[in-house]
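The values are calculated or read from the model by the stated rules, or taken from the named source; none is laboratory data. In this text the structure is predicted, and so the values were computed from the model without any measurement. Here the Cβ is made from the backbone with ideal geometry for all residues, glycine too, and neighbour counts use every protein chain on show. These area figures cover heavy atoms from the full protein model, side chains too; ligands, DNA and RNA do not enter into them. Shrake-Rupley method; radii C 1.70, N 1.55, O 1.52, S 1.80 Å.
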Amino acid sequence: MSAKRVSYFEASARARVAALVDPGSFTEFCPPAQRRTSPHLAQLDAPVAFDDGVVVGAATVDGKPVLIAAQEGQFNGGAVGEVHGAKIRGLLERAARERPAAVLLLVDSGGVRLHEANAGLIAISEIMRALMAAQAAGVPVFALVGGACGAFGGMGIVTRLCDEVIMSEEGRLGLSGPEVIETVKGVGEFDSRDRSLVWRVTGGKLRRGLGEATRLVDDDASAFRAAAVAALTHHRNAPADLASLKAAQAALTERRATHPDTRDGLEVWRTLGLAQPEAVPMLASDEFNRQLDALATEV
Amino acid sequence: MSDPSLFDALFGAGNHTVVIDGHFVAGPARLGDTPVAVIGSWDAAAVDGDLALAIAGEILRVVEADAGATPRPIVFVADTQGQALSRREELLGLNGAFAHVARCVDLARRSGHPTVALIHGEAVSGGFLAFGMLADRVVALPGAQVRVMDLRAMSRVTKIEFDRLQTLAQHSPVFAPGADNYWRMGAVHALWHDAGADWRAPLAMALAEAVDAAGHDGRAALGAERGGRTLAAAVAREVANEVAGG
Amino acid sequence: MERFEITLDARPAGAARRSTLCGVVASGNLEVLVELGQDPAACTVEVSTSADGFRDIWEAVLADFAERHPAGGLRISINDAGATPAVVSLRLAQAFEDSAGGAA
């Protein structure tokens with residue numbers, strides 16, 4: 001293979017889309033030339049972007065039709081404003097009608113954009129409803145999380161609504177960022193500068209270990225593509241019904257009992273039965289997946 | 001402070017047996033002849049995993065109990081200062097617990113339960129997103145506060161002077177706290193005034209509107225109509241309907 | 001924020017060009033949108049920048065770009081978040097290159 005490895009973490013939203021989809025298959029909706037910029041950022045004298053920080057469009061992946069949205073984490077932390085949120089919502093509404101093989105959400109966001117906080121919060125709840133409507137129409141939604149902003153705030157909730165969550169260890173998934181918790185509750189609650197602790201509490205391996213991420217991959221755009229192809233091939237739709245939500249309720253309740261005082265991922269590795277909990281952060285994703293699968297087959 | 005007399009105003013004294021258990025409230029009530037389920041958060045709850053699961057579990061119980069019968073309306077009452085801020089809750093995936101609550105609300109909707117959310121105290125970001133904002137009708141009671149962040153904190157984070165934010169907030173609803181701002185943007189359908197009034201009639205009307213709205217998210221269109229959110233509906237429509245390659 | 005538009009004389013870009021976007025609006029960076037304009041002998045550049053008071057430098061950097069590249073007939077729009085002149089030149093060159101990558 002002569003293809004150069006592309007770091008998903010470092011790639012821009014547009015570069016991620018290009019690396020994920022079949023070459024030449026991408027058509028953008030509401031492209032930059034339409035200049036759907038945020039009037040709310042402009043009103044506060046903050047720089048705007050022609051795509052308002054999210055790329056949305058249609059493409060094929062491994063020959064299958066998908067709709068795809070990619071948030072640009074470098075622009076305002078991928079935060080959701082009125083236009084940004086409306087583009088994602090519109091894409092999900094399109095999915096409910098067009099029934100593509102899947103929607104891919106390339107999440108890279110700290111949540112709501114404060115310059116237009118109310119519009120962003122409302123937009124996220126509209127995304128949540130549109131996402132569940134697409135699922136109810138039989139369209140699976142896959143989240144990909146591996147950017148510098150991770151998936152936090154409302155986008156952390158949106159990510160957990162998805163049918164599959166594909167993550168790298170570098171990607172992080174949560175609700176409140178470590179900085180927010182430290183600011184309000186103090187450094188003793190969460191030291192946001194302790195990077196290894198931050199990843200042990202929010203990173204891809206923890207999320208995979210808890211069963212929240214469905215696939216863990218290395219920080220490599222082609223690995224994300226391979227995982228998306230696998231999800232497209234193997235995912236079986238299971239619409240949320242009373243039985244499945246009662247099962248989820250029981251599982252979430254049990255998790256709180258299984259990890260009664262846990263505040264560090266190391267304790268999760270230990271409880272799960274991984275041989276060397278301290279070594280987990282350094283494992284390549286293949287090796288981590290292998291150890292996790294071995295535990296699953298033991299049970 | 002949440003005030004238990006709220007339920008007298010909503011249903012009439014003697015027509016409800018809502019139990020307040022810390023920050024969680026739930027119980028049956030009657031609105032005229034109609035049985036109603038009340039579920040929600042109390043006393044500016046910081047919503048943690050336990051409270052999220054209590055709310056979700058109660059929704060599932062109501063849906064299961066009404067399977068095969070007439071689905072009862074669900075009245076969500078929301079008073080939340082936001083999500084609990086805790087390393088442990090983050091580790092256990094509080095966002096996933098909130099997503100689970102959202103799925104349960106959606107299941108209730110799809111099972112035919114009309115849903116109305118009443119903000120009776122504060123409604124702040126994450127705690128509000130989880131269930132209150134997903135109801136088919138959202139109503140703010142007198143004195144209700146709705147916000148993501150207060151202006152001083154917002155000024156610190158965005159590095160925009162507080163005075164400037166305050167001045168802009170006079171005419172723009174998009175970032176400043178306030179139930180009226182959410183009304184203008186279409187996310188709060190009605191503002192009820194007159195503290196201490198009898199709300200049986202307006203609640204019955206909100207439930208009837210929820211029946212009409214069921215399954216359709218008309219908030220962006222409402223925000224455009226009220227002039228507080230002029231782009232969301234148009235941009236979403238453009239992306240939803242644009243002809244590929246056009 | 002400062003906004004201004006500059007029109008530069010430039011050799012025609014000629015062959016089929018397509019609309020393209022390069023770069024990201026992030027601190028010390030910028031995005032450059034290239035589209036087709038009207039006049040084949042001129043390149044219009046619309047700049048929106050977070051750094052006030054640097055119009056002279058922008059004019060110099062853009063004049064240099066128009067001298068080095070046949071940018072006539074192109075309409076360029078920039079959202080800048082405080083990029084250095086070197087970064088601006090680099091992005092402009094990238095965007096110009098990209099815009100030649102196949103017909104629209």
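Before moving on, here are some points about what is shown:
- In the condition set (1) more than 11 Å from chain A (Cβ to nearest Cβ); (2) without any contact (Cβ under 8 Å) to a residue 60 or more places away in the chain; (3) part of a helix (DSSP H, G or I); (4) open to solvent by 80 Å² or more (accessible area, probe 1.4 Å), B:V211 is compliant with all but (2).
- Scanning region B:62-114 for residues that are within 12 Å of chain A (Cβ to nearest Cβ), in contact with a strand residue (DSSP E or B) (Cβ under 7 Å, 6 or more places away or on another chain) and among the small types (G, A, S) yields B:G82, B:A84, B:A108.
Residue-by-condition table, conditions (1) under 30 Å from A:D218 (Cβ atoms); (2) among the acidic types (D, E):
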residue: A:A95; (1), (2): yes, no
residue: A:V107; (1), (2): yes, no
residue: A:G120; (1), (2): no, no
residue: A:E126; (1), (2): no, yes
residue: A:A143; (1), (2): yes, no
residue: A:A151; (1), (2): yes, no
residue: A:I157; (1), (2): yes, no
residue: A:I181; (1), (2): yes, no
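- Residues in region B:216-233 that are open to solvent by 30 Å² or more (accessible area, probe 1.4 Å) and within 8 Å of chain A (Cβ to nearest Cβ): B:L231 only.
- Residues in region A:179-219 that are open to solvent by 10 Å² or more (accessible area, probe 1.4 Å), hydroxyl-bearing (S, T, Y) and within 11 Å of chain B (Cβ to nearest Cβ): A:T183, A:S192.
- Scanning region A:26-39 for residues that are open to solvent by less than 30 Å² (accessible area, probe 1.4 Å) and out of contact with any Leu (no Cβ under 9 Å at 6 or more places or on another chain) gives a single hit, A:C30.
- Taking (1) within 14 Å of chain A (Cβ to nearest Cβ); (2) open to solvent by 30 Å² or more (accessible area, probe 1.4 Å) in turn, C:D64 satisfies each apart from (1).
- Residue check, B:A46 within 30 Å of A:I157 (Cα to Cα) and touching a residue at least 60 places away in the same chain (Cβ under 8 Å): yes
- Filtering region C:84-100 for residues that are within 14 Å of chain A (Cβ to nearest Cβ), small (G, A, S) and in contact (Cβ under 8 Å) with a residue 60 or more places away in the chain leaves a non-empty set.
Residue-wise test of (1) closer than 30 Å to A:G77 by Cβ; (2) assigned to a loop (DSSP other than H, G, I, E, B); (3) within 11 Å of chain A (Cβ to nearest Cβ).
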site	(1), (2), (3)
B:S172	yes, yes, yes
B:N181	yes, no, yes
B:G196	no, yes, no
B:M205	no, no, no
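- Residue within region A:90-112 that is among the aliphatic types (A, V, I, L, M), under 21 Å from A:R172 (Cα atoms), surrounded by 24 or more Cβ atoms within 10 Å (Cβ to Cβ) and at the interface with chain B (Cβ under 7 Å from one of its Cβ atoms) present: yes
- A:D241 being out of contact with any Asp or Glu (no Cβ under 6 Å at 6 or more places or on another chain), open to solvent by 60 Å² or more (accessible area, probe 1.4 Å) and within 19 Å of A:Q291 (Cβ to Cβ): no
- Consider region B:126-150 and keep the residues that are open to solvent by 10 Å² or more (accessible area, probe 1.4 Å) and at the interface with chain A (Cβ under 10 Å from one of its Cβ atoms). The one that is farthest from B:A56 (Cα to Cα) is B:M149.
- Residues in region C:19-49 that are more than 10 Å from chain A (Cβ to nearest Cβ), within 28 Å of A:N76 (Cα to Cα) and of a type outside the set (V, I, T): C:G28, C:E46.
- Within the span defined as region B:62-81, one or more residues are surrounded by fewer than 19 Cβ atoms within 10 Å (Cβ to Cβ) and in contact with a Leu (Cβ under 8 Å, 6 or more places away or on another chain).
- All helices (runs of 4 or more DSSP H) inside region A:223-299 with 2 or more residues being more than 23 Å from the chain's Cα centre (by Cα) and away from every other protein chain (no Cβ under 14 Å): A:285-298
- Single condition A:A119 does not satisfy, out of (1) more than 23 Å from B:F128 (Cβ to Cβ); (2) outside any loop (DSSP other than H, G, I, E, B): (1)
- Residue match in region B:104-125 (condition: surrounded by fewer than 24 Cβ atoms within 10 Å (Cβ to Cβ), among the small types (G, A, S) and assigned to a helix (DSSP H, G or I)): no
- Filtering region C:67-83 to residues that are in a loop (DSSP other than H, G, I, E, B), surrounded by fewer than 21 Cβ atoms within 10 Å (Cβ to Cβ) and more than 12 Å from chain A (Cβ to nearest Cβ) leaves C:H69, C:P70, C:G73.
- Residue that is farthest from A:P39 (Cα to Cα), among those in region C:2-18 that are open to solvent by 60 Å² or more (accessible area, probe 1.4 Å) and within 14 Å of chain A (Cβ to nearest Cβ): C:R18
Condition check ((1) aliphatic (A, V, I, L, M); (2) in a helix (DSSP H, G or I)) across all residues:
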residue	(1), (2)
A:L175	yes, no
A:V187	yes, no
A:S192	no, no
A:V198	yes, yes
A:K205	no, yes
